[in-house]
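Accompanying notes for the structure given below.
A short reminder: the numbers here are calculations on the coordinates, not readings from a lab. Keep in mind it's a predicted model, so treat the numbers as computed, not measured. Virtual Cβ from ideal backbone geometry, glycine too; neighbours counted across all protein chains shown.
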């Protein structure tokens, strides 16, 4: 109760102080900054924090975000985005949480870029709103701690020691600048004391009151000279200390700082146990960079004498930070980056793994072809390599590099490079290669002509002449684990710690193109420095723009999909490495389209921003009637024209406010909804003239009585279209019409099973004219209610025109008059967006080709953009595509169908239900189709699925 009063009082005072801070502050960069976004951190997790009840976990990372998680389910509840800049600005090294979980405090290299001092940011956990920043700090904030009663916040820094604030009014209680080194540890006991570490080798103990910070004891450490973290025992009698310079842990008397002893460190013969904590039962926990044959465990010592111990598995990555949980377990964060929970018995609880690929072992297993347009990288020793070919957008696993691909050249006649594998003093022929102080080299590649060499370091990609003279350096977003030079010597490729691979012009080090492959091995995105991109199905939102809103507000993040019309430019990406210049690539691509295309501006085309205020993520409901309260703002100042509330991807409420949330100040709105009696995903989307917002989404849990199984009530509407007998005989395909009939027949069997009724409409060949298809789309849109399911099946040819617009080809199409006779993708999109119920779209119209033996190839268009558009939250369809964007989609008389339809029909007929549950969900179907099509086509065709973030898995057929 005291904490709530203190914080509420502080919020009132914040309003009075905010204008003072803003007036004296500098300004963060106004231009949008491209960032990778995977729903998980892309750089090491520096610190973690939990609330007093162990419900929420906050993680701070070098990737410039703080993320809040549901500690039981692992669901990401909120991304807290401080203002950021280029380089180090915005990296977060510390995080703390108020005991009630209401506020999150974070800091690091924060604010120096514009204030020339550092700041601590205070966020509301539930809304992500920044409510205050504490400014004027002399150095980076390495660690933050909140007292157990929520009364005080402490920060320790890279210089000038410690500061403590009273949280009731955010006034400075006191500080101690007399530190002789960096400080990384701070901890409160329950008796009004604060302890800190410092690299000057001292442990300091302070008494904290509302008006003062008083030093009561200080001691030199034993066991190591660089104490890193510390922790009080639950009873407040002991203080444990971990070190970075030695594999040691010491335990001190918490009042006198006298040495009590050292825990049993048998077998700890490398690394360190820098992170220490006490579990709720008094057992001591220690972890760090100590490596065993099992990985990097946490050592847990039993209470009292700390002699008996148990080593707890956490995985292979070094543990950076640990935090005790109220139930006796612990949470941990690693360099991977990964976070996880160990239960009190030491078993694994929730774990969240990264979506980035780890290239740390790739320094000698990173391959390029002659032009640099095909790259292969390590997929772990057990899985060989992944190869990505830019021209065909072909991502696949291979056992070994294909002919023409070469590994980094690390030796050459007359060039002997040493000290580059993790060293700070690399040398060429015995002479030092210039690096910054403390900069570490990790990768090397010598150009094919031997005239240049490339070093990848912790901070830069660097080029040197054969004489060792520096030629250029380009800052890297993360550690450069691998580098290579194309066979023609024109480009340098580098594999980064953030999971990306980036290409640089050899001439001057200018970045040309970036590629991010998700760790799932399926999704990827390519982009140029200005953000022109191409992406696989489900890949385009893995990048986006961070837009700062000044020094005192949280930044916004806009996924790339919000600007798809302007920035989705596969044609520009195609030309990037060929021209080695983004401007030239854009000009050439525009010329091919028949004229200049205006360069877009993210700042002038921002969609609205929506936040759900209640119900909160993960909350339970026991009655179907609910009220959703949300805030809407339009940061560019445009009117908000539509607000849509969705349940499991289907619209349930639609409002039309004339003006809402212009600028930074949001409008708070609410809508009444009726929820189904089950777990649901609730989403809100707002529109302005620039398009729809990213969805605000919460997952809710049904806590009412389980209803008795009812007879099937929902209807299924199926529109199946298959065109193979074209008027233009050169387009003829054998099986699309049969594919459409077979799919409709398979779904008709679901009547009385999963659906109360199934209504099908099949359009093939002669009936699949442009008008016929438009009438079919109109039919399924009108018939489907919010309680029904709609399925649209499309097989035949598709084509992109010169502007990249996609058309499906009706039977009567005239390719010379495509606009008049082809079916624009926009018509399909409008239908799917307007369908009230759940929608699934099955499309088999991928990349063109001629007859090859008995196997024919369908389509002419790159389907990736279509999939991403239809699967976006604004449209809400689950999209199954026969192949990736530029792969061939195959049919063969031996199958009597296209490969995709054969697998699809088998799957919905029950083969996708591999666990024999009696239901086939769309995720089960996705897995079955993926594996079955690969089997049928010997890996030549790779189906793909696009799923909106607003839709949870649901059954689509019953066995």
Quick one: plug the Kirkwood hydrodynamic radius of region 174-213 (C-alpha pairs) into Stokes-Einstein at 20 °C, 1.002 mPa s, and report D in µm²/s.
201 µm²/s
In degrees from 0 to 90, rounded to the nearest 10, what is the angle of the helix 922-937 Cα long axis to the longest principal axis of the chain?
70 degrees
Between region 58-107 and region 210-225, what's the alpha-carbon centroid distance in Å?
29 Å
Sticking to Cα atoms, compute the Rg of region 344-486 to one decimal and its Dmax as the biggest Cα-Cα distance, whole number, in Å.
17.2, 59
How large is the translational diffusion coefficient of region 32-152 in µm² per second when you combine the Kirkwood radius over alpha carbon pairs with Stokes-Einstein at 37 °C and 0.692 mPa s?
231 µm²/s
Over the chain, how many percent of alpha carbon pairs lie in each 20 Å bin up to the one with the longest distance?
13, 41, 35, 10, 0
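How do 500-512, 230-242 rank on mean C-beta neighbours within 10 Å, highest first? It would help to have the intermediate numbers written out before the result.
Details: 500-512: 19.7, 230-242: 21.3.
Ranking the peptides 500-512, 230-242 by packing returns 230-242, 500-512.
How high is the relative contact order of region 373-593, in percent, counting Cα pairs under 8 Å that sit 6 or more residues apart? Kindly include the intermediate steps, with their values, before the conclusion.
Details: 468 pairs, mean separation 21.2, N = 221.
Relative CO of region 373-593 lands at 10 percent.
When the convex hull of the Cα atoms of region 373-593 is projected onto a plane and the area is averaged over all directions, what value comes out in nm²? Write down the numbers at each step before the final one.
Working: hull surface 56.8 nm².
For region 373-593, the mean projected area of the Cα convex hull comes to 14.2 nm².
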Can you show me the helix-derived [θ] at 222 nm for the chain, built from DSSP H runs with n ≥ 4 at -39,500 (n - 2.57) apiece and divided by the number of residues, rounded to the nearest 500.
-4000 deg cm²/dmol
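Could you give the length gained by full extension between residue 826 and residue 729, i.e. 0.36 nm per residue of separation minus their alpha carbon distance, to one decimal place?
Values: separation 97, 0.36 × 97 = 34.92 nm, distance 2.64 nm.
Using 0.36 nm per residue and subtracting the Cα-Cα distance, I get 32.3 nm.
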Using only Cα atoms, tell me the angle between helix 736-748 and the longest principal axis of the chain; keep it within 0 to 90° and round to the nearest 10.
70 degrees
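In nm², what is the average projected area of the convex hull enclosing the Cα atoms of region 609-702?
Dividing the Cα hull surface by four gives the mean projection, 5.2 nm².
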If you line up the long axis of helix 582-593 against the longest principal axis of the chain, both from Cα atoms, how many degrees apart are they, to the nearest 10?
20 degrees
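What are the semi-axes of the equivalent ellipsoid of region 507-579, taken as the square roots of 5 times the eigenvalues of the Cα gyration tensor, listed largest first and rounded to whole Å?
On the way: eigenvalues 103, 57, 30 Å².
Working through the eigenvalues yields semi-axes of 23, 17, 12 Å.
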To two decimal places, what compactness ratio does region 78-144 give when its Cα radius of gyration is scaled by 2.2 N^0.38 Å?
1.04
Quick check: the distance between the Cα centres of region 929-959 and region 541-614, to the nearest angstrom?
29 Å
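Given a Förster distance of 56 Å, report the FRET efficiency between residue 398 and residue 616 from their Cβ-Cβ distance, rounded to the nearest 0.05.
Working: r = 46 Å, r/R0 = 0.82.
Computed FRET efficiency for residue 398 and residue 616 comes out at 0.75.
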Region 254-273-region 351-393 distance, computed between alpha-carbon centres (Å):
41 Å
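Based only on the alpha carbon positions, what is the Kirkwood hydrodynamic radius of region 127-209, in angstrom? Before the final figure, lay out the partial values.
Working: mean 1/r = 0.0769 Å⁻¹.
The answer is 13.0 Å.
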Could you tell me the largest-minus-smallest coordinate of the C-alpha atoms of region 715-958 on each of the three principal axes, in descending order and whole angstroms?
48, 39, 30
Stokes-Einstein translational diffusion, region 221-343 - Kirkwood Rh over all Cα pairs, 1.306 mPa s, 10 °C, in µm²/s
113 µm²/s
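Can you list, largest first and rounded to whole Å, the semi-axes you get for region 407-527 by taking the square root of 5 times each eigenvalue of its Cα gyration tensor? Don't skip to the end; give the middle numbers.
Values: eigenvalues 112, 49, 30 Å².
So the equivalent ellipsoid measures 24, 16, 12 Å along its semi-axes.
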